[in-house]
Amino acid sequence: MSDSVATVKKRPHVVVVGGGFGGIAAVRKLKRADVDVTLIDRHTYNTFQPLLYQVATASLNPGDITWFLRAIRANQSNVRFIKGNVVSMDHEAKSLRLEGGVDVTYDYLVIAVGVTANFFGIPGAAEYSMPLYRRSQALAVRDKMFANLEEAAVNGQDRDLRIVVVGGGATGVETAGAFAELRNNDMPTTYPELDTKRVHITLVEMLPHVLAPFHPKLRDYAKKSLEKRDVELRLETAVKEVRPDGVLVENGGEQQFLPAGMVVWASGITAHSTVRDWSLPQGRGGRVETDEHLRVKGMQDVFAIGDVSVSPDEPLPQLAQPALQGGKHVADVIRRQVAGKSAPKPFKYKDKGTMATIGRSSAVAEIKHLPRLTGFPAWIIWVGLHVATLLGNRNRFATMTNLTAKYLFQKSHNAIVGETPPVVALKPVVVEARSPLRIESKSSAKKAAAKATAKKAPAKKAPAKKAPAKKAPAEKAPAQQASADEAPAAGETTLPFDK
């Protein structure tokens with residue numbers, strides 16, 4: 001009897017780098033394909049970037065918009081997850097090297113790593129501004145905002161407070177609008193020590209309008225809506241330098257320094273610097289060049305989708321929909337190739353529209369087969385679409401709950417906060433009860449102290465004139481002491497509780 005050897009054929013290995021919109025779409029589309037899928041991401045979670053600004057402005061919890069990537073196995077058994085950073089690629093050997101020395105081989109590779117902030121070489125921008133592309137960055141913006149407010153509440157407003165948002169695209173407009181609503185609606189209740197008229201939200205944009213991709217009618221609506229919320233618009237203005245204490249801007253050839261406690265960067269994107277080490281052809285902004293099937297140029301089994309890819313013949317908008325549609329198309333190409341079928345038609349992006357919100361009951365929307373929408377109708381669609389697009393039911397429920405609490409229950413003022421550093425008083429502070437709710441400046445405190453000293457001066461001379469009646473001043477001493485105590489000493493700041 002002859003020996004027989006049973007051989008097991010390995011299934012093609014598809015490696016997807018990046019767990020964003022495009023990467024998740026590609027993985028899910030391969031659910032029933034005869035392949036094994038490995039998803040690689042530097043984080044263990046997916047971040048719903050369109051709502052990051054809601055985390056930064058204290059309306060949502062970070063967990064509301066993040067989804068555990070390993071949970072994808074709940075409905076798909078042919079996928080596994082590896083946490084890691086790709087440091088290099090060898091396309092001849094069809095392998096990836098991860099940080100820490102892990103090697104991953106592939107038969108098909110899908111690159112969906114997204115992008116990061118582009119600072120355009122502006123001095124100080126990378127060091128001192130705060131981008132909004134990751135969960136940690138949104139939390140940093142939120143915590144710094146509250147740290148600045150708490151410091152001002154104790155030490156007073158000797159100077160105006162300002163948040164500068166750089167970039168008039170959807171992210172910049174939405175962020176500036178949310179900051180303005182927090183100042184206008186919440187701070188009068190939660191920070192009564194501060195004068196909201198001295199808290200400024202400034203939006204800086206190089207173009208003469210905000211929301212450049214939108215119709216002029218919608219741009220004008222967004223501009224008026226921001227101005228209605230007292231957002232200071234600096235249009236046709238370029239940022240020349242970002243400093244630790246503000247930004248230097250230029251308009252019409254004239255430069256001006258805007259003091260600011262925080263600069264949020266929402267202008268421009270570029271590929272991650274690590275992509276340069278992946279031996280891929282790169283085009284504008286360091287993005288990977290692809291053909292009509294989103295295949296990397298010059299490579300047969302390597303694809304790039306989403307913001308990290310660029311087609312020189314037909315550039316796509318850097319939105320969620322191109323990434324979602326691109327991920328599904330690439331998965332279809334791989335599935336057909338594995339099954340020995342012909343390739344599908346070249347990728348064609350189907351524009352379903354775009355939208356942006358300015359604040360409560362205010363948004364703009366350009367949706368296919370619908371008229372251009374503004375105001376409450378556009379805002380309701382914006383809320384519903386963003387909640388529906390979240391990856392998990394828990395995320396949808398939590399986000400809907402928190403947004404409902406923010407927009408419908410206007411009297412709660414319950415911001416979602418994190419840790420802030422201890423506040424250090426820059427001068428002696430006195431906290432008093434049942435006094436006018438204000439913080440006295442150093443000059444007014446000195447005047448009050450001088451007035452109190454003047455009142456006390458005659459009382460000290462009185463006993464000298466009436467030597468026999470030594471007990472009379474002692475009886476009045478408590479009243480005199482109380483009067484003196486009501487005025488802060490020179491250099492002190494009064495911090496009363498009640499009006």
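The values are calculated or read from the model by the stated rules, or taken from the named source; none is laboratory data. None of the values given here were measured: they were computed from a predicted structure. Note that each Cβ is placed from the backbone with ideal geometry, even for glycine, and that neighbours are counted across all protein chains shown.
Per-structure values
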| read-out | value |
| --- | --- |
| Matching strands (runs of 3 or more DSSP E) fully within region 32-136 where at least 2 residues are of a type outside the set (Gly, Ala, Ser) and in contact (Cβ under 8 Å) with a residue 60 or more places away in the chain | 36-41, 45-47, 66-68, 86-90, 102-105, 108-111 |
| Flag for GLY172 being assigned to a helix (DSSP H, G or I), touching a helix residue (DSSP H, G or I) at 6+ places or on another chain (Cβ under 8 Å) and surrounded by 23 or more Cβ atoms within 10 Å (Cβ to Cβ) | no |
| Candidate set from region 84-96 (those that are charged (D, E, K, R) and surrounded by fewer than 17 Cβ atoms within 10 Å (Cβ to Cβ)); member that is nearest to ALA339 (Cα to Cα) | GLU92 |
| SER342 vs. criteria surrounded by fewer than 18 Cβ atoms within 10 Å (Cβ to Cβ) and in contact with a Phe, Trp or Tyr (Cβ under 6 Å, 6 or more places away or on another chain) | no |
| Sole residue being farther than 30 Å from LEU182 by Cβ and not assigned by TED's automatic domain parsing to the domain that holds ASP143, chosen from ALA56, ALA74 | ALA74 |
| Filter result (within 19 Å of LEU203 (Cα to Cα) and touching a Phe, Trp or Tyr at 6+ places or on another chain (Cβ under 8 Å)) within region 102-144 | ALA117, PHE119, ALA125, ALA126, SER129, MET130, PRO131, LEU132, ALA138 |
| Residue list for region 110-138, restricted to those being among the hydroxyl-bearing types (Ser, Thr, Tyr), modelled with pLDDT of 95 or more and either closer than 30 Å to PRO12 by Cβ or in contact with a Lys or Arg (Cβ under 9 Å, 6 or more places away or on another chain) (or both) | TYR128 |
| Any chance GLU151 is charged (D, E, K, R), part of a helix (DSSP H, G or I), in contact (Cβ under 8 Å) with a residue 60 or more places away in the chain and within 28 Å of HIS272 (Cα to Cα) | no |
| Matching residues, region 219-232, being under 15 Å from THR357 (Cβ atoms) and out of contact with any helix residue (DSSP H, G or I) (no Cβ under 7 Å at 6 or more places or on another chain) | ARG219, TYR221, LYS223, LYS224, SER225, LYS228 |
| Test: residue in region 404-412 that is at pLDDT below 85, surrounded by fewer than 14 Cβ atoms within 10 Å (Cβ to Cβ) and closer than 30 Å to GLN321 by Cα | yes |
| Where ASP307 falls short, out of the listed (1) surrounded by 16 or more Cβ atoms within 10 Å (Cβ to Cβ); (2) of a type in the set (D, E, K, R); (3) over 30 Å from LEU226 (Cβ atoms) | (3) |
| Qualifying residue in region 380-393 (condition: on the phi > 0 side of the Ramachandran plot and surrounded by fewer than 20 Cβ atoms within 10 Å (Cβ to Cβ)) | no |
| In region 23-67, the residues that are of a type in the set (S, T, N, Q) and over 22 Å from ARG295 (Cβ atoms) | THR44, ASN46, THR47, GLN49, GLN54, THR57, SER59, ASN61, THR66 |
| Residues within region 242-254 that are exposed (fewer than 12 other Cβ atoms within 10 Å of the Cβ), under 19 Å from LEU207 (Cα atoms) and out of contact with any Asp or Glu (no Cβ under 8 Å at 6 or more places or on another chain), tallied | 2 |
| Subset of region 190-218 that is out of contact with any helix residue (DSSP H, G or I) (no Cβ under 7 Å at 6 or more places or on another chain), free of Cβ contacts under 8 Å to residues at least 60 places away in the same chain and not in a loop (DSSP other than H, G, I, E, B) - its residue that is farthest from ARG372 (Cα to Cα) | ARG198 |
| Per-region count, region 276-325, residues in contact with a strand residue (DSSP E or B) (Cβ under 7 Å, 6 or more places away or on another chain), touching a residue at least 60 places away in the same chain (Cβ under 8 Å) and of a type outside the set (S, T, N, Q) | 14 |
| Search result, residues across region 318-354 that are in contact with a helix residue (DSSP H, G or I) (Cβ under 9 Å, 6 or more places away or on another chain), more than 30 Å from PRO371 (Cβ to Cβ) and polar (S, T, N, Q) | SER342 |
| Residue match in region 272-282 (condition: crowded, with 17+ Cβ neighbours inside 10 Å, among the hydrophobic types (A, V, I, L, M, F, W, C) and over 30 Å from LEU390 (Cα atoms)) | yes |
